[in-house]
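Below is one structure, written out as structure tokens; the observations come after it.
The values are calculated or read from the model by the stated rules, or taken from the named source; none is laboratory data. Note that the structure is a prediction, hence the values are computed from the model and not measured. Glycine also receives a Cβ, built like all others from the backbone with ideal geometry; neighbour counts cover every protein chain displayed. Heads up: the accessible areas ignore ligands, DNA and RNA and are worked out on the full protein's heavy atoms, side chains in. Shrake-Rupley method; radii C 1.70, N 1.55, O 1.52, S 1.80 Å.
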Amino acid sequence: MKRIAVLGSTGFIGTQALQVIENHPEKFKVVALTANSSADLLVAQAKKFRPEYVGVCDEKAYADVRDALGGERCEMGCGDDCLIRAATCDCDVVLVAVVGCVGLKGVLAAIGAGKTVALANKESLVAAGELVMRRAREKGVAVLPVDSEHSAVWQCLHGGRREDVRRLILTASGGPFYRASERELRDVTPERAVQHPTWRMGKKISVDSATMMNKGLEIIEARWLFDTMNIEYVIHPQSIIHSMVEFADGAVLAQMSYPDMRLPIQLAFSYPERLPTDIRPLPLTELTFLPPREDVFRLPALAVHSLKTGGTAPAVLNAANEAAVALFLSGKIAFTDIALLVEKTLASARVRNYTNEEEIFATHKEIFDKLMTDYNVSDGEKG
């Protein structure tokens, strides 16, 4: 039986992961849960799965969780350090499903403790991919992708030799505004931006999908996960093909399934075993492919530019995007301002080489806090 720590258990990926674990009680056991501030849901999860450790990043929410779980026999902690405690507990797999650069703390702690990492936190590899993968190699730790696109690539790579790979082809649904004009995009509201046509996700990743930044972040992730710069993407509205790998002889392998995040989550937990699921059978329907509209959606190209620039450039890009999305969701800027703000920040920031995570966190805080201050966001509003 594999012991699982779930960092970010109350978010979309976290709740899906707990469904997977519940469906296979003979295979998996929850030993740690953490959440940011969703006290009620975390309490319900803790009472149901009875983990050995429960952590809450938000100190105000911690008091509610502590009081509610006073009779439970589990250790509790609060603040960002709870991610480190959960990631280093007595477990086999650490699912890092928290949102934002803070997830890097849990990823590096898990690697340092020799735990298998099931990675659903894009920002860790975007901001510090070279550092994360170097430490994983040094410790002999597996970093298994949970994003549907990267899980698809990982699965397809089992069909050939890495040295024979010509290119990776990520797929993108196109989000809710693929066919919109620039004028129409200026009027997009937060309520519309979080309505993804295929997936049900958290607000931040839904906005990233709407701006196409999600694909830019995934390109950076793929570069570090699979050690290649030969990465392209194509719009595939049905979200049936999750990604493809083209080999030197021209053969293209694709991973296909009904769009359900429980599949890549479960595979990261059970690998190399494949367990039964109740996921709907693959619909045999028309599959279409469309070209990216990078004249309108410029963020993927900016992400590639930051990757080629290297150093702290991807961390700057990520921090600027986190801030811009938060500003958009709070009504401080327009939808089209997200890309403009990221581009302006990336162009003006001082890019440096880095050697450790402290430099990455410092870069993130500097960029994020500056943008929040520029738009008169108080510490309380930063959330």
Within the stretch 165-213, helices (runs of 4 or more DSSP H) holding 1 or more residues that are touching a residue at least 12 places away in the same chain (Cβ under 8 Å) and farther than 19 Å from Ala326 by Cα
182-186
Residue check, Ala320 against (1) open to solvent by 20 Å² or more (accessible area, probe 1.4 Å); (2) modelled with pLDDT of 95 or more; (3) within 30 Å of Leu340 (Cα to Cα), all met but one. Which one?
(1)
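Could you tell me whether Phe269 is more than 20 Å from Leu317 (Cβ to Cβ), at pLDDT 95 or above and buried (at least 23 other Cβ atoms within 10 Å of the Cβ)? Talk me through it step by step, then tell me what you get.
Numbers: more than 20 Å from Leu317 (Cβ to Cβ): yes; at pLDDT 95 or above: yes; buried (at least 23 other Cβ atoms within 10 Å of the Cβ): yes.
Against the criterion (more than 20 Å from Leu317 (Cβ to Cβ), at pLDDT 95 or above and buried (at least 23 other Cβ atoms within 10 Å of the Cβ)), Phe269 qualifies.
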Considering the stretch 56-75 alone, what residues qualify as being more than 25 Å from the chain's Cα centre (by Cα), closer than 19 Å to Val98 by Cβ and hydrophobic (A, V, I, L, M, F, W, C)?
Val65
Please give the number of the condition Glu123 fails out of (1) open to solvent by 20 Å² or more (accessible area, probe 1.4 Å); (2) modelled with pLDDT under 95; (3) outside any loop (DSSP other than H, G, I, E, B).
(1)
Being free of Cβ contacts under 8 Å to residues at least 60 places away in the same chain and either under 21 Å from the mean Cα position of the chain (by Cα) or over 14 Å from Ala128 (Cα atoms) (or both) is the filter here, so list the residues in the stretch 344-358 that pass it.
Lys344, Thr345, Leu346, Ala347, Ser348, Ala349, Arg350, Glu358
Test: Thr15 is within 30 Å of Val207 (Cα to Cα) and at pLDDT 95 or above:
yes
